[in-house]
Amino acid sequence: YCHNNSLTSLDVSNNTALDYLECNNNQLTSLDVSSNTALTKLYCINSQLTTLDVSNNTALTDFNCSNNQLTTLDVSNNTALTNLGCYSNQLTSLDVSSNTALSNLECGDNQLTSLDVSNNTALTNLACYSNQLTSLDVSSNTILNNLQCWNNQLTSLDVSSNTALSNLECGHNQLTTLDISNNTALTSLICNHNQLTSLDVSSNTVLGTFTCNNNSLTSLDVSSNTALTELL
C-alpha cells in the first residue's frame, strides 16, 4: 500500500512474490508490473499513466486503472478478471471478449464507439456512461443488476432480457422508445434527456426513484408505482 503520496516512480521489478499492489493517487507516469506474475489485485487509480502492460499478469482478478491517460488497454490475457475498472481514460476501444468471468465492468468516461459484452454473461454491474456508443447489446447479460449507459448516442436499448435489473440509468441519449415491462425488479429508473413520447411503468411496482424529465411525454401514469419516493 503506497497510495496517496507524491510518487513519480515505483520499482517493483524484484518483488516477484507481490500479490496485491495499491498505488492510487500518485504522480506515476509509468508502472512496470511485467515481473509481478503473482499479482491478483492491482489498483493504480488517479495517476498520470499513459501506458500499462498487464499481459503477464494472468492471475489478476481485480484491476482498476481509472483516472489515468491510457489510450489503449489490452486485457485479453487476463481471463481471471472479475472486476475491471478503467473509467476516465482516453480509450477508443476495449476488448473484453476473453474476460468471461467479469462481474463488474466500469469503463465510463472514455471515447468508446462500440462495446461488445456478449461473452460477459456473469456481468452484474456495467457502467459505460459518457462514451460515444451508438448501440449496446445486453441481451446476453441476463443477471445484470446495474446498467449505467447515460450520455452516449444510443437510439435504442433492449433490456427485455435483463429481468434482474434494479438500477437503469440511460439518460442523455437519443432513445425514442423504452420497454421496461419485463424489468419488474427496477427500483431506480433514470431516462431523462431522451426523445421518449410515451413510457409505461405499470409493471414496475417497486420503483422508488424515477427521473424522466426532458423528453416528449404528453402523459404519465404512475398510479401503480406506490413505492415512489422521488419523481422528476
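A few comments on the model shown:
- Local electrostatic count at Ser181 - Lys and Arg +1, Asp and Glu -1, tallied over other residues with Cβ under 13 Å: -3
- 3J(HN,Hα) along the stretch 64-73, derived from phi through the Karplus expression 6.51 cos²θ - 1.76 cosθ + 1.60 where θ = phi - 60°, amounts to 9, 10, 5, 6, 10, 10, 6, 9, 9, 8 Hz, with x in place of Gly and Pro.
- For the options Asp116, Asp19, Asp221, a Gaussian network treatment of the chain with springs between C-alpha atoms closer than 10 Å singles out Asp221 as fluctuating the most.
- Long-range amide H partners of Leu133 with built H, under 5 Å: Gln153
- Kirkwood-based shape ratio for the stretch 66-184, expressed as Rg/Rh from alpha carbons: 0.95
- The string of couplings for the stretch 13-21 from the Karplus curve (6.51, -1.76, 1.60, θ = phi - 60°) is 5, 8, 8, 6, 8, 4, 10, 9, 9 Hz, one whole number per residue in order, with x for Gly and Pro.
- ³J(HN,Hα), Karplus 6.51/-1.76/1.60, whole Hz, each residue of the stretch 207-219, x for Gly, Pro: 4, x, 10, 9, 10, 9, 5, 6, 10, 10, 6, 9, 8
- Here the Gaussian network model covers the chain, with springs between Cα atoms less than 10 Å apart; of Asn145, Asn173, Asn213, Asn213 fluctuates the most.
- Label sites at Ala101 and Thr176, each approximated as a point 7 angstrom past Cα along Cα to Cβ, lie 4.4 nm apart.
- Accessible area (Å², 1.4 Å probe, nearest 10) - Glu22: 30
- The label point for Leu217 and the one for Thr229, both projected 7 Å from the Cα toward the Cβ, are 2.0 nm apart.
- Local electrostatic count at Asp95 - Lys and Arg +1, Asp and Glu -1, tallied over other residues with Cβ under 13 Å: -2
- Computed from label points 7 Å out along Cα-Cβ, the spacing between Asn77 and Ala38 is 1.8 nm.
- Taking all protein chains as shown and a probe of 1.4 angstrom, Cys128 keeps an accessible surface of around 0 Å².
- Both radii were evaluated on the Cα set of the stretch 147-230; the Rg over Rh quotient, with Rh as the Kirkwood radius, amounts to 0.92.
- Length gained on full extension, Ser202 to Ala185: 4.9 nm, using 0.36 nm per residue less the C-alpha separation.
- Neighbour net charge for Asn194 - beta-carbon separation under 14 angstrom, K R +1, D E -1: -2
The values are calculated or read from the model by the stated rules, or taken from the named source; none is laboratory data. Keep in mind the model is a prediction, meaning the values are calculated, not measured. A quick note on method: Cβ atoms are made from the backbone with ideal geometry, for glycine too, and the neighbour counts reach across all protein chains shown. For accessibility, only protein heavy atoms count, side chains too; no ligands or nucleic acids. Shrake-Rupley method; radii C 1.70, N 1.55, O 1.52, S 1.80 Å.
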